[in-house]
Amino acid sequence: MRVFRPSLPVRILLGLGLGVGWAVLSSTLGWSRFTMDWIAPFGDIFINLLKLIAVPLVLFSIISGVSGLNDITRLGRMGLGMLALYLATTVVAVSVGLLLVNTIAPGTWSDDDQRLENRVAYELWVKDTPGVEQAKDGRCFSCDPGNEAVVARVLKRRQQAPDAMAEAQRERATGVAAQGPLQFLVEMVPSNIFLSFSRALMLQVIVFALFFGVVLLLIPRDRVAPVIQLVNGLNEVFMKMVDVVMLAAPWFVFALMAGVVSRIAGDDPAAVLELFRSLAGYMITVGLGLAIVAFGIYPVVLSLVLRRNVYRRFFKAISPAQLLAFSTSSSAATLPVTMECLEERVGVSRSTAGFVLPIGATVNMDGTSLYQAVAVVFLAQFHLVDLTFMQQLSIVGTATLASIGAAAVPSAGLITLLVVLTSLGLDPAWIAIILPVDRVLDMCRTVVNVTGDATCCSLVAHAQGEELFTKEL
Ligand code: ASP
């Protein structure tokens, strides 16, 4: 008798749905503690396993990918194409975000008194902050005698509740912003590769792996053949580990979702709904932007370039990676599965996927950059700060750089948002406003980050003359 066994994406989706259902039920019944103590740890184990595989997989897949290319000019061409695609998709994503946030204007949805108070608080912050000369739009609401009562209210509130967390974040952001412009380049180059491994500093691991791979290409093949063979073999082992871990993925995803949702909901799901309602406009704008990029722009561009409709096949092929991205909120943890999807389900060669995807997971974050653009403008609107077209244009640059600098782990985008706000002369403590809903948006933007990597990887593979989407799934 043949037992009905749904496909992997369907099983993961089931795990995801049941996990959310369980969390809602357990928090309604006041069982959140039980879920956190006895179910959530399995979700952490899953993330640990994926991360365990990710670092060595990045190392070996890049070395094996580069050494498999046989000549350096091909590597250069592919590398340049990849970087151009990564940059272009990020800029497009930021632009979509800016367009939407200006059209929907979610920051103006709250009442005017609240925004006026926010504005005055911002002006007081400007006054107290060395290095910030004047409000971004040059206006001064607190100078208006009509607003005296509001100023007094804000001052009183500040005295009563100095926000320690906001202070700490502010200091941290000013520290980051105070570093020199080439600091990021310095940080990319490892001085001790074992430290880079143990701290999972992906960019450093990538630089080392590229260096190692290129040097392998410079030495006559017969002298380095055993090294290449060893690296290829190790790469196989880590790819197989992904297969093994994925066997239990639906169960792990159940535990992960149950833990994440319980943590957000606690024992009072109604409070979460209330919170979501107050930030609904912002969440809708980010969500809509992400959906347009992931389900509109990527598959359409891919179909146009491949000159056939691959919409369904593309999503069917990468859905396991997308679902994992959603449940783990980490492109790095998802990377092993993204690589497997692209190689086995889309048909990208091992050397292309091994080179393009690890770099993409680290530097190409279209979802993160879109979210940052929306968040900055939303927060500005919410504080009655009008950003000019030129100021918004500078967001394209800063959000792009910040998304490149963001690590591929949960909430990394929120931390770099601090830097974006600071570099634009806005108050970094504003992130406290969007913090409560950030995890949910993080899950969504990570899906877009991973989908963007998969799209660019398919495009690069197509440019290399590889046959894609030939396998029936
Ligand atoms: N969690 C995202 C990722 O891993 C980064 C972010 O926080 O936006 O891709």
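The values are calculated or read from the model by the stated rules, or taken from the named source; none is laboratory data. It should be emphasised that the depicted structure is a prediction, and the values quoted were computed from it without experimental measurement. FYI the Cβ positions are ideal-geometry reconstructions off the backbone, even for glycines, and counts take in every protein chain you see. Surface accessibility is based on the protein's heavy atoms, side chains included, excluding ligands, DNA and RNA. Shrake-Rupley method; radii C 1.70, N 1.55, O 1.52, S 1.80 Å.
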Inset, instruction - Would you list which lysines come within 22 Å of Lys316, measuring only between C-alpha atoms, while excluding same-chain residues fewer than 8 positions from it? - result: Lys240, Lys471
Inset, instruction - Please report the relative contact order for the chain, taking Cα pairs under 8 Å with a sequence separation of at least 6, and give it as a percent rounded to a whole number. - result: 32 percent
Inset, instruction - Calculate the spin-label point distance for Thr470 paired with Leu304, positioning each point 7 Å from the Cα along the beta-carbon direction, and give it in nanometres. - result: 2.7 nm
Legend entry - Isolated Cys in the chain, by beta carbon distance under 4.7 Å: Cys341, Cys444, Cys456, Cys457
Inset, instruction - Consider just the alpha-carbon atoms of the chain and return their Rg together with their Dmax, both in angstrom. - result: 23.6, 83
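Hey, with R₀ at 60 Å, roughly what FRET efficiency would Leu18 and Cys143 work out to, going by the Cβ-Cβ distance, to 0.05? Display every interim value, and only then the final one.
Details: r = 57 Å, r/R0 = 0.95.
In this case the efficiency is close to 0.60.
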Inset, instruction - List the chymotrypsin sites (Phe, Trp or Tyr not before Pro) within segment 89-158 that fall in a DSSP loop (any state other than H, G, I, E or B) and whose Cβ has at most 12 other Cβ atoms within 10 Å. - result: none
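Using +1 on the beta carbon of Lys and Arg, -1 on that of Asp and Glu, and nothing else charged, what's the dipole of the chain about the Cα centre, debye to 20? Numbers along the way, then the final one.
Details: 34 positive and 35 negative charges, 248 e Å.
Dipole of the chain, to the nearest 20 debye: 1180 debye.
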Inset, instruction - Under a cut-off of 17 Å between alpha-carbon atoms, report the lysines in cross-link reach of Lys136, not counting same-chain residues fewer than 8 places apart. - result: Lys127
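Scan the chain and report its longest stretch carrying no trypsin sites (Lys or Arg not before Pro) that are both in a DSSP loop and have at most 15 other Cβ atoms within 10 Å. Don't skip to the answer; put the middle values down first.
Numbers: sites that count: Arg2, Arg139, Arg199, Arg307, Arg308, Lys471.
With trypsin sites (Lys or Arg not before Pro) excluded where exposed in loops, the chain gives 309-470 as its longest stretch.
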Legend entry - Stretch in the chain that is longest and holds no GluC sites (Glu not before Pro) that DSSP places in a loop and that have at most 10 other beta carbons within 10 Å: 134-471
Legend entry - Farthest positive-ward along the chain dipole, Cα basis, beta-carbon charges - from Val242, Val363, Thr89: Val242
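Using 0.36 nm per residue of separation minus the Cα-Cα distance, give me the extension gain between Asn192 and Leu99 in nm, one decimal. Display every interim value, and only then the final one.
Numbers: separation 93, 0.36 × 93 = 33.48 nm, distance 4.35 nm.
Between Asn192 and Leu99, full extension yields an extra 29.1 nm.
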Legend entry - Per-residue ³J(HN,Hα) for segment 135-142, Karplus 6.51 cos²θ - 1.76 cosθ + 1.60, θ = phi - 60°, Hz, x for Gly and Pro: 4, 4, 9, x, 7, 9, 6, 6
Inset, instruction - Quick one: pull the percent of accessible area on the chain belonging to carbon and sulfur, 1.4 Å probe, ligands and nucleic acids left out. - result: 67 percent
Legend entry - Between helix 148-160 and the chain: long-axis angle, C-alpha atoms, 0 to 90°, nearest 10: 60 degrees
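Suppose the chain between Thr28 and Asp112 were pulled fully straight at 0.36 nm per residue; how much longer would it get relative to their current alpha carbon spacing?
Values: separation 84, 0.36 × 84 = 30.24 nm, distance 3.52 nm.
The span from Thr28 to Asp112 would gain 26.7 nm if fully extended.
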Legend entry - 3J(HN,Hα) from dihedral phi, segment 436-444, Karplus parametrisation 6.51/-1.76/1.60, rounded to Hz, x for glycine, proline: x, 9, 5, 4, 5, 5, 4, 4, 5
Legend entry - Average accessible area per residue (Å²) across the chain - probe 1.4 Å, nucleic acids and ligands excluded: 46 Å²
Inset, instruction - Return one number: the angle in degrees, 0 to 90 and rounded to the nearest 10, between the long axis of the Cα atoms of helix 8-28 and the longest principal axis of the Cα atoms of the chain. - result: 30 degrees
Inset, instruction - For n ≥ 4 DSSP H runs only, could you compute -39500 (n - 2.57) per run for the chain, divide by its residues and tell me the 222 nm figure to the nearest 500? - result: -24500 deg cm²/dmol
Legend entry - Nearest 10 degrees, 0 to 90: helix 221-247 Cα axis against the chain principal axis: 60 degrees
Legend entry - Segment Leu218-Leu273, extension gain: residue separation times 0.36 nm, minus the distance between their alpha carbons: 13.9 nm
